[in-house]
Amino acid sequence: MTVMGLYGKNAKMVLIDIETTVPRFKGEKAKIFDVSFALVTKNEILEKFSYFVEEFIQENPSYCKKLAKKYDSYIDSGIYQILPFAKIMEKLQEVILENNVKTWMAYNAGFDGGHISRVCKMMEVDCPLQSLKKFDIYRASCEVLVNKPKFKKWATKNGKLTESGNYSTTAQTIFQYLSNDLEFVEEHTGYADIDIEMQIFHKLLKQKKGMSYKVGAGWSVLNKKKKKEEVG
C-alpha cells in the first residue's frame, strides 16, 4: 500500500507542527509554546494557521525573551496570533470539521500528538485529533526515503551522525539530503517547518513502496545500534 492509499485523491488533511521547551530534569514535562497547522491536499498547502500559546507567555516570561528574536516579527506581522491553548484547539477543531478532515500528519506524529493530547487532558480540553487517522511523515521517510545505501553513504560523508553513532533522521537532515542542500538550517518554528515537512511528504507521494504506517522510532529502521534518538 502506497501513501496515497491513506486518503482519497481530493481529500484534505491537517499537517501539524508544535514547538516545545526541552525538559531540564527527569520528570519535568515539555511545555508547548507554538502550535501551527496547515490544511493541505496531496498537491499543496491550502492555508496555514500559527499560534503562540498565551499561557506560556504568562508563566515563562524569561524563556519568551529567548524566543523574541525568532517570533516577534511573526507576531507583529500577524502571521502568529497569541491565543489560550483551549482556543487554539477550538480553531483546529473548526478546520477539521469544516473541511471534513479524516487524517492528520506530522514529522514525528508521536511527539506532536502525544504532547497535544497530554496538555488537552491536563487542561480538560477536548482533543481534536482523537477521532482522526494518524500518519507519521518521519517514520515513513525512514522506511522509504532514506533506508538506502545512498543515504547512508551521504550521511557518513557529510557527518550526519548522532553522538550515539546513528544516522541522523531529523527533519533538517532528511530535507538536506532530499534537496541536496547542506546549508539548509531548520528554523524550528511551526510556521516555517510545515513547509519543509510538506516537501518531504511530496517525496513520499512519489514512492511506489508500501509503508507500515507505524508511528515513531524511525531512527531504528536504518540504524543497527538500537540507541534511542531525539528527533526534531
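Which one of Ala86, Ala140 is touching a residue at least 60 places away in the same chain (Cβ under 8 Å) and of a type outside the set (D, E, K, R)?
Details: Ala86 fails: touching a residue at least 60 places away in the same chain (Cβ under 8 Å).
The unique qualifying residue is Ala140.
Can you tell me how many residues within segment 110-125 are of a type outside the set (A, V, I, L, M, F, W, C) and buried (at least 19 other Cβ atoms within 10 Å of the Cβ)?
From segment 110-125, those of a type outside the set (A, V, I, L, M, F, W, C) are 110, 112-115, 117-118, 121, 124; that's our starting set.
With the extra rule that they be buried (at least 19 other Cβ atoms within 10 Å of the Cβ), the set shrinks to 112-113.
The number of residues fulfilling the criteria is 2.
Residues that are touching a Lys or Arg at 6+ places or on another chain (Cβ under 6 Å) and of a type in the set (S, T, N, Q) were ranked within segment 162-188; the one that is surrounded by the most Cβ atoms within 10 Å (Cβ to Cβ) is Thr173. Taking first residues from segment 90-109 that are over 16 Å from Asn10 (Cα atoms) and surrounded by fewer than 21 Cβ atoms within 10 Å (Cβ to Cβ) and partners that are among the hydroxyl-bearing types (Ser, Thr, Tyr) and modelled with pLDDT of 95 or more, the Cβ contacts under 9 Å between residues at least 6 apart in sequence or on separate chains come to Lys91/Tyr51.
Among the candidates Glu47, Glu28, which residue alone is farther than 24 Å from Val185 by Cβ, charged (D, E, K, R) and in contact with a Leu (Cβ under 9 Å, 6 or more places away or on another chain)? Exactly one of Glu47, Glu28 is farther than 24 Å from Val185 by Cβ, charged (D, E, K, R) and in contact with a Leu (Cβ under 9 Å, 6 or more places away or on another chain), namely Glu47. Does Ala217 satisfy the criteria of being under 25 Å from His115 (Cα atoms) and at pLDDT 90 or above? The answer is no for Ala217.
Selection of segment 93-115 for residues being in a helix (DSSP H, G or I) and either closer than 30 Å to Ser179 by Cα or touching a helix residue (DSSP H, G or I) at 6+ places or on another chain (Cβ under 7 Å) (or both) yields Ala109, Gly110, Phe111, Asp112, Gly113, Gly114, His115. Can you report the number of residues in segment 126-161 which are surrounded by fewer than 18 Cβ atoms within 10 Å (Cβ to Cβ) and outside any helix (DSSP H, G or I)? Number satisfying all stated conditions: 12.
With of a type in the set (A, V, I, L, M), in contact with a Ser or Thr (Cβ under 8 Å, 6 or more places away or on another chain) and under 30 Å from Cys142 (Cα atoms) as the only criterion, which of Ala38, Ala106, Ala30 stands out?
Details: Ala38 fails: in contact with a Ser or Thr (Cβ under 8 Å, 6 or more places away or on another chain); Ala106 fails: in contact with a Ser or Thr (Cβ under 8 Å, 6 or more places away or on another chain).
Criteria check complete, one pass: Ala30.
Being in contact (Cβ under 8 Å) with a residue 40 or more places away in the chain and assigned to a helix (DSSP H, G or I) is the filter here, so list the residues in segment 177-201 that pass it. Don't jump to the end; show me each part of the working.
Residues of segment 177-201 that are in contact (Cβ under 8 Å) with a residue 40 or more places away in the chain, as a first pass: 186-191, 193-195, 197-198, 200-201.
Correct list: Gly190, Tyr191, Asp193, Ile194, Asp195, Glu197, Met198, Ile200, Phe201.
The values are calculated or read from the model by the stated rules, or taken from the named source; none is laboratory data. Values in this document were obtained by computation on a predicted structure and should not be read as measured data. Don't worry about glycine lacking a Cβ; one is built from the backbone with ideal geometry, like all the others, and counts go over all protein chains shown.
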